[in-house]
Amino acid sequence: MEVRAAVKTAIRVGYRHIDCAAVYKNEKEVGEGIADAIRSGFVVRSDLWITSKLWNTNHHPSRVKPAIKQTLHDLRLDYIDLYLIHWPISFQSIGNETHPRKMDGSFELDDTPLEDTWMVMQNLVKEGLVRTLGVSNFREDHVDTLIAKTKIIPCVNQIENHPYVDERKLIQHCMGYGIQVQAYSPLGMGRNLKNKQSILLENDRVLEIAHRLRRDPAQILLRWNLQKGIVVLPKSVHPDRIQTNLQIYDFELTTNDIFHLDGLMRGLNGRLLRPDYAKWLSDLNEKD
């Protein structure tokens, strides 16, 4: 019920992009919130941009269409605007397990090539189930390989991005292809105990800029991404935060502000999402 109310509130106050994923296990509640908003007259379907993601257990070509059909059923929609490959890694499909593991604790991986999944997803566009396609959590080599083997460039790469994680090379790489970067976890919530860094929302530099501009820290961090041409995906179920997170279009950070926020990346690695099946992120952590 909390998610349903949050989605309806977000649409009522002006949000038009709703980011979902099957693995979040709340697409039914999201769909109810969307239906409530449309029924209340806040929007019509064409006003909204709905994103969802294909989970790792559904990469095999035979499982792609059933996966999107389930998502559409749960969201109560005839189509979605953007469908992403959630992670560039394939799991075996074993019952209802989202993270299937072997007896030794390692993941049950599937050998389906990403390009096979990607090519089947093109059919979803042709059938009108999906409007556009993209990827999520792809590194430079994943992007290059997918494009080299299929000649089809993703519209989007959704990644974690905030001033505690340095993704400038990846962002530049994507922009070179014309791929729009979207930022999840743009507020960098949480604390990295290994590096003993502060929570980003409590960082002294962030607080100083927020105080000077008479804004709250979250708005400063969202604006930092926005001014770099990156779509931000803040998440909240609290009506007041939903409202204030949208109020980022009537001010700008100075070049100096951005320089100092960029400087927070130096010597730190505040990456929040480090699943143990994504070895490439562990490798990046070691380099940072």
Which condition breaks for Ser52 when tested against (1) open to solvent by less than 70 Å² (accessible area, probe 1.4 Å); (2) within 26 Å of Asp240 (Cβ to Cβ)?
(2)
Would you point out the residue of the range 211-221, among those that are in a helix (DSSP H, G or I), open to solvent by 20 Å² or more (accessible area, probe 1.4 Å) and out of contact with any helix residue (DSSP H, G or I) (no Cβ under 6 Å at 6 or more places or on another chain), that is nearest to Tyr15 (Cα to Cα)?
Leu213
Determine whether the range 91-107 contains at least one residue that is open to solvent by 20 Å² or more (accessible area, probe 1.4 Å), among the β-branched types (Val, Ile, Thr), over 19 Å from Leu233 (Cα atoms) and in contact (Cβ under 8 Å) with a residue 40 or more places away in the chain.
yes
Pick from the range 48-99 the residues that are part of a strand (DSSP E or B) and more than 20 Å from Ile152 (Cβ to Cβ): which of them is nearest to the chain's Cα centre (by Cα)?
Ile50
In the range 246-279, what residues are modelled with pLDDT of 95 or more, out of contact with any Lys or Arg (no Cβ under 8 Å at 6 or more places or on another chain) and over 20 Å from Asp204 (Cα atoms)?
Leu246, Gln247, Tyr249, Asp250
Among the numbered conditions (1) assigned to a helix (DSSP H, G or I); (2) open to solvent by less than 60 Å² (accessible area, probe 1.4 Å), tell me where Glu208 comes up short.
(2)
If I filter the range 222-240 for residues that are open to solvent by less than 70 Å² (accessible area, probe 1.4 Å), part of a helix (DSSP H, G or I) and acidic (Asp, Glu), do I get at least one hit?
no
Positions within the range 35-47 being of a type in the set (Gly, Ala, Ser) and part of a loop (DSSP other than H, G, I, E, B), in sequence order:
Ser40, Gly41
Can you name the residue in the range 1-28 that is among the charged types (D, E, K, R) and open to solvent by 60 Å² or more (accessible area, probe 1.4 Å) and is also farthest from Arg63 (Cα to Cα) among such residues?
Arg12
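Conditions (1) in contact (Cβ under 8 Å) with a residue 60 or more places away in the chain; (2) in contact with a Gly (Cβ under 8 Å, 6 or more places away or on another chain); (3) among the aliphatic types (A, V, I, L, M), marked per residue:
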site	(1), (2), (3)
Ala5	yes, yes, yes
Gly14	yes, no, no
Ala35	no, no, yes
Gly41	no, no, no
Only one residue in Met175, Met189 is open to solvent by 60 Å² or more (accessible area, probe 1.4 Å), among the aliphatic types (A, V, I, L, M), under 30 Å from Leu264 (Cβ atoms) and modelled with pLDDT of 95 or more, so which one is that?
Met175
Residue, farthest from Asp81 (Cα to Cα), within the range 150-165, restricted to residues that are in contact with a helix residue (DSSP H, G or I) (Cβ under 7 Å, 6 or more places away or on another chain) and surrounded by fewer than 20 Cβ atoms within 10 Å (Cβ to Cβ):
Thr150
Within the range 61-76, is even one residue in contact (Cβ under 8 Å) with a residue 60 or more places away in the chain, in contact with a Pro (Cβ under 8 Å, 6 or more places away or on another chain) and under 21 Å from Leu146 (Cβ atoms)?
no
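The values are calculated or read from the model by the stated rules, or taken from the named source; none is laboratory data. Since the model is a prediction, treat every value here as computed from it, not as a measurement. Virtual Cβ from ideal backbone geometry, glycine too; neighbours counted across all protein chains shown. Just so you know, the surface numbers come from the protein's heavy atoms only, side chains and all, with ligands and any DNA or RNA stripped out. Shrake-Rupley method; radii C 1.70, N 1.55, O 1.52, S 1.80 Å.
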